[in-house]
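Q: My structure is below; once you've seen it, I'll send some questions.
The values are calculated or read from the model by the stated rules, or taken from the named source; none is laboratory data. These numbers come from a predicted model, not from an experiment. Virtual Cβ from ideal backbone geometry, glycine too; neighbours counted across all protein chains shown. These accessible areas exclude ligands, DNA and RNA; they are computed on the full protein's heavy atoms, side chains included. Shrake-Rupley method; radii C 1.70, N 1.55, O 1.52, S 1.80 Å.
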Amino acid sequence: MQIICISRGTFSGGKKLAEALAEKLGFDCLAREELTDMATASGIPVGKLEMTVVRRRPMTEAMIIERERYKAFVTSVLCERARSRGLVYHGRTGHLVLPGVTHVLRLRAILDPEQRVLSAMDRLRLSREKAQSYINDVDEDRHRWVRTLYNADWKDPTSYDLVVNLSHMSVENAATALVSMAQLPEFQATPATKQKIDDLLLASRCRLALGSDPRSRDMDVKVRSDGGIVSVTYLPRHEGKAELIPEVLATVPDVNEVLCTMASTNVLWIQGKFDPQSESLEQIVDIATRWNAAVELMEIKDEEEPASPAPESLTPEQKSDAGFPYSSENGGILDDEAFDYETELDEGLRKTRQRLISAGRAGGYRVLKGCPKDVLSSIDRTVDYNLVVVGDLCPSKGSSVSKRRTQEMVSYLLDNMHVPVIEASEMKSQFMFGPAQFMKLLGFAAMVVIMVFGVMSHQKDVLEFISKGTCLFSACEEVGMSNRILSALAIALFVPVFAFCYGGFTRFIFRILRFD
Amino acid sequence: MEDRLQIMLVDDEEIVGKRLKSSLEKEGYAIEFFLTGSEALKRLDEKHFDIVVTDIRIDEIDGLEILDAVMENSPETKTIMITGYATAEIAREALAKGAFDFIAKPFRPKDLREVIIKAARQIKRD
C-alpha cells in the first residue's frame, strides 16, 4: 500500500529511476503517459487540455470542468492501484494528486541540462539548437500544466521529500539508495492514511460519476468524502440540477450518505458592457476571493442592440454540442454546426468571464435587455446573493443617461431585493483599502485617541460631572443651565461621536485584515 | 497541372477520413485519404502534396515517421498533425521536427480548414 511519486522533467532520467525502483521494491510502475491514454479512452479530452496549456490559451468553463474530471480520474486510478499493492508513479503532478496522504514518498528527478540536451538530440534526432528549444518548451509547458491544475510551482523543492540529481549517480545506485528511504516508517501506510486514500478514492469516483452522466456533466461541483459521507458543493446556478446529484451518486459503491450544499455566497454583477481591463473587474475578483464567492454576470444590452444567445436560451442539443463529445461514431471530428456559445459572446463579456474562470470565481452569465423590472424578474430569487453590483448601464447613450439609468437600477433593486446593492464606483470606498481609506483610518484613529486620552486623563472630573452634576464650565452656571441636563446632553453627544469614530477605525482595521 | 491544393489525409479511422474529406472537398481542395502509414508513404513517393494531414497514432508507421519522410523528401510540404492523444511532449516534438501545426481531437472541420488556409498562405509566400 506504499506510494512513491516521482516528478520528472523531459529527458531527466525520472522514468528509468521509477522503473528501477519499482523493480527493486516489487511494486507496480505507472507512467503518466499510460494514465493520460486511459483518461482519453474514457472520454476525457486530455489532449485538448494539454493543447490549451501549450498554446497559452485561457481555460474556458467547459475546459475547467474537463480539468476537474481529469484530476478525479488520476486520483481514482492512483488510489485504486495503491490500495491493492505498492505503486511507483512517475509523471508531472504525482506529488500533488494525493493531498493529505502523508505516507507518500514524493521525489523529484533532475539531470544536468547538457545531458538532457544530448539525450533529446539522440532520441528525437534533433539538432542541438532544436533539442535545447524542445527541452525549454516542454519544461515551460509542464510548469504551466502544474500551475493550471494545482496552482503549484512544479520546481518548488519544498513540495518534495527528496530531489535526486542523477547527473553524478547511476539510476541503479539511486534506486538502491531510495529503497532504504522507502522503508522508513514515515513512508509506511497507517490506518489514518489508508482512510484518507479511501476518502479520496470515493470522492473522485463520485466526481467522475457526475461528469459521466449527461444530465450532470456540465455541473461545476466540488466533491469531498469523509468515511462514506459524500459532500457535494455546487454553484447557485446549478440549483435546478441539485436533486440529480443523489440520484447519480446512488450508483457509486460505498456511498452511505450524500450531502448537497449550494455555495454559500454569490455576487451578481450587472453592467451595460463589460470591460476586462476595468478596475471594477479586479475589485470584484478581490472581493469574491475574500468571500469565497462566485460572481454571476448580467449584461444589459441597449434596446436597439441584438442580445447574444445566453445559455438559458440554448436547446439541450446545442448545449451538449458545446462540450467535447469524442466517440467512435465521430472519430473526434465534430460537426461544424456544433454551437460553441462561449465564442458567440461579445469580447468584453467573454474576456471578463475568462478572467473570473481563471480566478475560480465564475458563477454563470446571462445577456438580456429591458428595464429594471425585467432585470428583477430575470434574477433567480432563490439564489442567496450577498451583494449586487451595478456598473454603468447604456454606456453608448452618454454619461448623464448612463448615470441616471444606473442609479434607477440601484434604487429599484434596493427596494425589491433584500441584499446590499451598490454602484460599481462605490466598491472601492465600500470594500477596498487605498490611500483615501488610509487617511480616513488615521483621522478616526486620531479622534479615538484624543477622546480616550481626554477621558482617561480627566477621570475624576468626568466622574464628578456625571455622578454629581458638577458643572465643569463656569459659563454654564452664568446662563443658569441645569447641571444635570448638561451632563445628560454631553453624554448623549459624546457617546455617538465616540461610537462613530471607533466604528470607523475598526471598520478600516478589519478591511486591512480582509475580514469583511 | 491541377491548381487545386493537393492534400493528403492519413488516419486509421475510416470515419475521420469520411468526415474530413467531404468537408474539405466542399472547399475545393483535392483530397486523398489513406488508412495506413505505409500506403501514405508509398503515395508520397509517387506524388507531390501541398499539405499532409496525419494522425499521430496509426498502426505500423506513425504520424511522426510520416512527418520525418515529408521533411526529408518534400520539405516545402506543410504537415498538420492531428491526434486524440495529444501531449505537450508529442506536440513539441512534432513542431521541433518541422510540423506546421498540431490539432487535438476532438475538433471541428472548421478548425482544420482554418489551419489549412494558413498553411496555403505560407505556401504562396514561400
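Q: For A:ALA359, state whether it is under 29 Å from the mean Cα position of the chain (by Cα) and modelled with pLDDT of 55 or more.
A: So A:ALA359 fits the description; yes.
Q: Related question: Which of the residues belonging to the range B:104-126 are open to solvent by 20 Å² or more (accessible area, probe 1.4 Å) and either hydrophobic (A, V, I, L, M, F, W, C) or part of a strand (DSSP E or B) (or both)?
A: B:ILE117, B:ALA120, B:ILE123
Residue-wise test of (1) in a strand (DSSP E or B); (2) open to solvent by less than 60 Å² (accessible area, probe 1.4 Å); (3) touching a residue at least 40 places away in the same chain (Cβ under 8 Å).
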| site | (1), (2), (3) |
| --- | --- |
| A:GLY364 | yes, yes, yes |
| A:LEU368 | yes, yes, yes |
| A:GLN407 | no, no, no |
| A:HIS418 | no, no, no |
| A:ILE422 | yes, yes, no |
| A:MET439 | no, no, no |
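Q: Could you run through the range A:143-188 and say how many residues are outside any helix (DSSP H, G or I) and touching a strand residue (DSSP E or B) at 6+ places or on another chain (Cβ under 8 Å)?
A: Total satisfying the criteria: 9.
Q: Does A:ARG106 satisfy the criteria of being more than 14 Å from chain B (Cβ to nearest Cβ) and either of a type in the set (Val, Ile, Thr) or touching a residue at least 12 places away in the same chain (Cβ under 8 Å) (or both)?
A: Judged against the criteria, A:ARG106 is a match.
Q: Identify, please: which residue in the range A:274-305 is assigned to a strand (DSSP E or B) and more than 16 Å from A:SER358 (Cα to Cα) and is, among those, modelled with the lowest pLDDT?
A: A:LYS301
Q: Helices (runs of 4 or more DSSP H) wholly in the range A:1-111 with at least 1 residues that are of a type in the set (S, T, N, Q) - which ones?
A: Those helices (runs of 4 or more DSSP H) span A:32-41, A:46-54, A:61-84.
Q: Here is a further query. Might you let me know whether the range B:37-55 holds any residue that is within 12 Å of another protein chain (Cβ to nearest Cβ), among the β-branched types (Val, Ile, Thr) and either within 23 Å of A:ASP141 (Cβ to Cβ) or over 13 Å from the mean Cα position of the chain (by Cα) (or both)?
A: no
Q: Determine which single condition A:HIS143 fails, assuming it passes every other condition in (1) in contact (Cβ under 8 Å) with a residue 24 or more places away in the chain; (2) open to solvent by less than 70 Å² (accessible area, probe 1.4 Å); (3) more than 10 Å from chain B (Cβ to nearest Cβ); (4) within 13 Å of A:ARG8 (Cα to Cα).
A: Status for A:HIS143: all satisfied but (1).
Q: Within 13 Å of the chain's Cα centre (by Cα) and of a type outside the set (Phe, Trp, Tyr): does that describe B:GLY28?
A: No, not satisfied.
Q: Looking at (1) under 27 Å from the mean Cα position of the chain (by Cα); (2) under 18 Å from A:ARG205 (Cα atoms); (3) hydrophobic (A, V, I, L, M, F, W, C); (4) more than 14 Å from chain B (Cβ to nearest Cβ), which is the one condition that is false for A:ALA82?
A: That leaves (1) as the condition not met.
Q: Let me ask something additional. Can you tell me which residue within the range A:115-129, out of those that are among the small types (Gly, Ala, Ser) and part of a helix (DSSP H, G or I), is farthest from the other protein chains (Cβ to nearest Cβ)?
A: A:SER119
Q: Please verify whether the range B:37-49 includes one or more residues that are in contact with a Lys or Arg (Cβ under 9 Å, 6 or more places away or on another chain) and over 15 Å from B:PRO109 (Cα atoms).
A: yes
Q: Being over 29 Å from A:ARG123 (Cα atoms), free of Cβ contacts under 8 Å to residues at least 40 places away in the same chain, assigned to a helix (DSSP H, G or I) and open to solvent by 20 Å² or more (accessible area, probe 1.4 Å): is that true of B:ARG92 here?
A: no
Q: Could you please let me know if A:VAL88 is within 14 Å of another protein chain (Cβ to nearest Cβ) and either on the phi < 0 side of the Ramachandran plot or not acidic (Asp, Glu) (or both)?
A: Taking the combined requirement at face value, the residue does not satisfy it.
Q: Could you count how many residues in the range B:13-34 are surrounded by fewer than 17 Cβ atoms within 10 Å (Cβ to Cβ) and either within 14 Å of another protein chain (Cβ to nearest Cβ) or not in a strand (DSSP E or B) (or both)?
A: Matching residues across the range B:13-34 total 8.
Q: Identify the residue in the range A:225-247 that is part of a helix (DSSP H, G or I) and more than 10 Å from A:LEU259 (Cβ to Cβ) and, among all such residues, is most open to solvent (accessible area, probe 1.4 Å).
A: A:GLU247
Q: Residue check: is A:LEU30 touching a Phe, Trp or Tyr at 6+ places or on another chain (Cβ under 7 Å), within 23 Å of A:LYS222 (Cα to Cα), surrounded by fewer than 24 Cβ atoms within 10 Å (Cβ to Cβ) and more than 14 Å from chain B (Cβ to nearest Cβ)?
A: no
Q: While we're here: Please go through the range B:18-58 and give me each residue that is among the charged types (D, E, K, R) and closer than 24 Å to B:GLU114 by Cα, ordered by number.
A: Passing the criteria: B:LYS18, B:ARG19, B:LYS21, B:GLU25, B:LYS26, B:GLU27, B:GLU32, B:ASP50, B:ASP55, B:ARG57.
Q: Sticking with this one: Scan the range B:60-105 residue by residue and report those that are among the hydroxyl-bearing types (Ser, Thr, Tyr) and at the interface with another protein chain (Cβ under 8 Å from one of its Cβ atoms).
A: Listed by number, the residues that qualify are B:THR83, B:TYR85, B:THR87.
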